[in-house]
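**Q** Mind looking over this structure? Questions follow.
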Amino acid sequence: MLNLHPAVVKASQEIHFFDNAQNYARGIDWYRGKMPFSFPHQITIEKSPAYFITEEVPERIFKMNSSIKLLIIVREPITRAVSDYTQVLEGKERKNKTYHKFEKLAIDANTCEVNTKYKAVRTSIYTKHLERWLKYFPVEQFHIVDGDRLITDPLPELQLVERFLNLPSRISQYNLYFNATRGFYCLRFNIVFNKCLAGSKGRIHPEVDPSVVTKLQKFFHPFNQKFSQITSRTFNWP
């Protein structure tokens with residue numbers, strides 16, 4: 001979506017430089033080589049979701065550029081965990097492999113408590129990851145994007161990002177149109193070029209046992225509150 005802005009250029013794929021030891025060992029020149037060409041007035045961006053949760057990444061990025069601006073997109077934590085599960089499930093099904101139900105992975109069978117060893121749950125404890133980043137970067141260098149709102153009403157979220165990046169306001173409602181078939185907003189770059197998210201987006205999530213949802217809501221609630229306090233962003237989460 002930010003690629004709609006004329007003063008933003010983006011890497012064509014996830015680079016996985018800072019979270020992948022093999023790539024990181026290739027050095028900063030290798031990383032630069034993965035970046036698009038840009039003019040002095042433009043901002044270059046790349047995104048690799050694993051950066052946020054990988055322990056070594058904040059220090060590595062700090063060593064490269066301590067004044068860098070950082071964007072984090074978050075969704076309601078349970079929705080994000082189920083989305084994570086659904087992606088893995090689809091991969092298993094493609095290979096004709098069986099997979100546990102979400103409930104069995106998210107809840108420890110012995111203690112009947114939330115299983116924090118399950119990566120999909122652990123990743124959704126946003127405040128734990130953010131606190132690691134705050135050892136290196138002040139909170140002012142972060143902008144939190146409300147991923148749920150980005151799906152249902154993207155323009156206000158994009159305008160907040162424009163302001164955070166000190167960009168002139170260029171993205172407008174013209175650039176966004178709702179595709180009822182896909183259930184997502186698509187992008188209009190100009191009269192001839194439109195783009196929608198990949199077909200893998202918008203997978204139908206499995207129904208989750210309501211008692212498990214309630215247990216997860218209680219578990220995530222204090223972490224969510226702390227995340228909101230630190231970031232000064234409020235979310236429409238339980």
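Only the coordinates and a few stated rules stand behind these numbers; no lab work does. Computed from a prediction, not measured in an experiment: that's the story for all the values here. Using ideal geometry, Cβ is built from the backbone for each residue, glycine included, and neighbour counts are taken over all protein chains shown.
**Q** Under 22 Å Cα to Cα from K63, which lysines show up? Leave out anything in the same chain fewer than 8 places away.
**A** K10, K34, K47, K128, K135
**Q** Taking the chain as a Gaussian network, where each spring joins two C-alpha atoms under 10 Å apart, which residue of P156, P40, P222 fluctuates the most?
**A** P40
**Q** Sticking with this structure for a sec: Ratio to report: Rg/Rh of the range 109-238, with Cα atoms as the point set and Rh obtained by the Kirkwood method; give two decimals. All intermediate terms of the calculation are to be shown ahead of the outcome.
**A** Details: Rg = 18.2 Å, Rh = 17.7 Å.
Radius of gyration relative to Kirkwood radius: 1.02.
**Q** A follow-up question, please. Along each principal axis of its Cα atoms, how long is the range 2-231 end to end? Whole angstroms, biggest number first, please.
**A** 58, 43, 39
**Q** Quick one, can you get me the convex hull of the C-alpha atoms of the range 1-102 expressed as volume per residue in Å³? Each step should come with its number before you reach the end.
**A** On the way: hull volume 15.7 nm³, N = 102.
Convex hull volume per residue, Cα atoms: 154 Å³.
**Q** Relative contact order, percent, of the range 17-162 when contacts are C-alpha pairs under 8 Å separated by at least 6 residues?
**A** Details: 103 pairs, mean separation 42.2, N = 146.
Result for the range 17-162 is 29 percent.
**Q** In addition: Which lysines, if any, have their Cα less than 20 Å from the Cα of K104, not counting same-chain residues under 8 positions apart?
**A** Result set, ordered by chain and number: K92, K117, K119, K215, K218.
**Q** For the chain, can you list the cysteines whose C-beta has no other cysteine C-beta under 4.7 Å from it?
**A** Flagged as lacking a Cys partner: C112.
**Q** To the nearest 10 degrees, how steeply does helix 77-94 sit against the main Cα axis of the chain, on a 0 to 90 scale?
**A** Long axis of 77-94 versus the principal axis of the chain: about 80 degrees.
**Q** In bins 10 Å wide, starting from 0, what share of all Cα pairs of the range 54-188 does each bin hold, as a percent?
**A** Computed distribution, short to long bins: 10, 27, 31, 25, 7, 0.
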